[in-house]
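Below is one structure, written out as structure tokens, with a few remarks after it.
The values are calculated or read from the model by the stated rules, or taken from the named source; none is laboratory data. The structure displayed is predicted, hence computed values, not measured ones. Reconstructed Cβ throughout: ideal geometry from the backbone, glycine too, with neighbour counts over all protein chains shown. All accessible areas refer to the heavy atoms of the entire protein, side chains included, with ligands and DNA or RNA removed. Shrake-Rupley method; radii C 1.70, N 1.55, O 1.52, S 1.80 Å.
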Amino acid sequence: MRASNHLIGLLNFLTFLLSIVILGGGIWLSSRANSTDCLKFLQWPLIVIGASIMVVSLAGFAGACYRNTFLMWLYLFVMFFIIGALIGFIIFAYAVTDKGSGRPVMNKGYLEYYLQDYSGWLKDRVVDEKYWAKISSCIRDSKVCSKMGRNFNGVPETYDMFSMRKLSPIESGCCKPPTDCGYTYVNETLWTPGGGLVGTDLDCSRWSNDQQQLCYQCDSCKASVLGSLKKSWRKVSVINIVVLILLVIFYVIGCAAFRNNKRIDNDEPYGQARMTKAQPSRIQL
């Protein structure tokens, strides 16, 4: 059982090193946050997560290595709530991303995204004007649309080549007009109205060839963000499940280390029998 102290100490030392990387990333984003809302949107979760992991790891490391019962109790107490919060987040992530997906388009390699396919808390959050201003700024600052251009031997790709591309949700919903609008392809982010009126989608009038506007105010762009979030959250949930399993293992080992510390504090030698068999008294004749 004493080996559990050394093992939990080693595991928490490795976790502490990981927290330094996470915290450093959050501080780096904070130093650049004055330039883009996209980075402001990401900095604090990283700092909070990194700091929390660092404190818990230090408590677990010190408690195990120095056999400090109070620190081990604190470590197990906080770890219990972290495990509970992680379970809650996994359930929440699957609950808010259970609806909606991209629709296939005939003779096209990409999918189209429609806001009416989504519902619930996540949709309300994304379409809220305050949050959408930050999200659209994030997309614009990432320059994902300007990076779509492709050349083959110095010749820009044709519409047929473009239409067979497997675009990401953001590229499909924010960087081009909806296919139903009937716009004519010039290049990846430059489209001109086709002959006659095609499509009644309001997004058809929201599209702009201004490279700072494009379809960032379109419902298709908001839907593509939801589609992208669904994929990302599902991937994160898988990672969280793996992390949850590891944390449960750490917690069990920590409980063993905590019991070992208490045994030492009570001056109980390891392996001491708690009951001894009374020897029968001799009968004197």
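Hey, could you check the stretch 109-129 for residues that are over 30 Å from PHE162 (Cβ atoms) and not in a helix (DSSP H, G or I) and say which is least open to solvent (accessible area, probe 1.4 Å)? Top of the filtered list is GLY120. For the condition over 30 Å from GLY60 (Cβ atoms) and not acidic (Asp, Glu), TYR94 does not qualify.
Residues in the stretch 69-91 that are free of Cβ contacts under 8 Å to residues at least 60 places away in the same chain and either outside the structural domain of ASN240 (by the TED database) or loosely packed, with under 15 Cβ neighbours inside 10 Å (or both): PHE70, PHE77, PHE81, GLY84, ALA85, GLY88, ILE91.
When only residues in the stretch 226-240 that are over 13 Å from SER119 (Cα atoms) and touching a residue at least 24 places away in the same chain (Cβ under 8 Å) count, which is least open to solvent (accessible area, probe 1.4 Å)?
SER237
Consider the stretch 130-156 and keep the residues that are in contact (Cβ under 8 Å) with a residue 12 or more places away in the chain and not in a helix (DSSP H, G or I). The one that is surrounded by the most Cβ atoms within 10 Å (Cβ to Cβ) is CYS145. Residues in the stretch 133-166 that are out of contact with any helix residue (DSSP H, G or I) (no Cβ under 7 Å at 6 or more places or on another chain) and closer than 16 Å to LEU214 by Cα: ALA133, SER136, ARG140, LYS143, SER146, LYS147, GLY149.
Run down LEU247, LEU167 and say which single residue is modelled with pLDDT of 90 or more and surrounded by 14 or more Cβ atoms within 10 Å (Cβ to Cβ).
Matching residue, one of LEU247, LEU167: LEU167.
Within the stretch 171-192, the residues that satisfy the criterion of being open to solvent by less than 30 Å² (accessible area, probe 1.4 Å) and within 33 Å of the chain's Cα centre (by Cα) are SER172, GLY173, CYS174, CYS175, LYS176, PRO177, PRO178, GLU188, THR189.
Scanning the stretch 197-222 for residues that are in contact (Cβ under 8 Å) with a residue 24 or more places away in the chain and outside any loop (DSSP other than H, G, I, E, B) returns ASP203, CYS204, ASP219, SER220, CYS221, LYS222.
For the stretch 223-238, the condition holds for at least one residue, the condition being that it is assigned to a helix (DSSP H, G or I) and more than 27 Å from TRP132 (Cβ to Cβ). Inclusion of TYR94 among residues that are open to solvent by 20 Å² or more (accessible area, probe 1.4 Å) and not assigned by the TED database to the domain that holds LYS166 is warranted.
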